[in-house]
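Visitor: Would you mind keeping the following structure in view while I ask a few things?
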Amino acid sequence: MTTTPADKSWWAARITPQPLPAETPAVAEILHQTPSGAAAFQARLEDGRTVWVKALGNPQGDQVLTTEWVCSQTGRALGFSVAESLIVHLPEPFHHHPLGDPRGHRMRSGPAYATLHLPHAVEINSLRHEKNPDTQSG
């Protein structure tokens, strides 16, 4: 059987995980888990910084880590105000730790996407929508 670039097996054989650089910050402790779509969690890194982490194995899929990284770096390149983002290492002791979502996803150790915690940010857990009378027709 011949495989093509559309086949998952074709891609899997060509995309190999690269080891993280030795200086990659590691998660030391999970502080708070959220019911967010990707089951993000607040963590303290070994260097003392507090970050929000999305791990491999999350309910939105592993590709969300790449999406977050690309969007954050694009925003920064365009000059937008973007929280500092970084790739962190989720060590083996956290492998299979429950993510707290209803479907029972569990995190996998390895690279994870993180953003620096903004201590004065206000977390809102509901969607808000205001109608703007200037943009409505009729």
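Laboratory data are not the source of any read-out in this text; all were calculated from the coordinates shown. Since this is a predicted model, take the numbers as computed values, not measurements. Note: ideal-geometry Cβ built from the backbone for every residue, glycine included; neighbour counts use all protein chains shown.
Visitor: Please sort 24-35, 39-50 by packing, taking for each peptide the average over its residues of neighbouring beta carbons within 10 angstrom, highest first.
Guide: Per-residue mean Cβ counts within 10 Å order the peptides as 39-50, 24-35.
Visitor: Another question about this same structure. Can you give me the long-range amide H partners of Leu31? Hydrogens built in the peptide plane at 1.01 Å from N, cutoff under 5 Å, separation of 5 or more residues or another chain.
Guide: So Leu31 has HN proximity to Gln42, Ala43, Arg44.
Visitor: Apply the Karplus curve 6.51 cos²θ - 1.76 cosθ + 1.60, θ = phi - 60°, to the phi angles in the range 98-103 and return the couplings in whole Hz, x for Gly and Pro.
Guide: Per-residue couplings from phi come out as x, 8, x, 8, x, 8 Hz.
Visitor: Which cross-chain or sequence-distant (5 or more) residues have an amide H under 5 Å from the amide H of Ala26, H modelled 1.01 Å from N in plane?
Guide: Correct list: Glu46, Asp47, His89.
Visitor: Ok, one more. Could you check the spin-label model distance between Leu116 and Phe80? Points 7 Å from the Cα along Cα→Cβ, value in nm.
Guide: The two pseudo-label positions are separated by 1.8 nm.
Visitor: Kindly rank 51-62, 99-110 from highest to lowest mean number of other beta carbons found within 10 Å of each residue. Write down the numbers at each step before the final one.
Guide: Details: 51-62: 20.6, 99-110: 16.0.
Final packing ranking: 51-62, 99-110.
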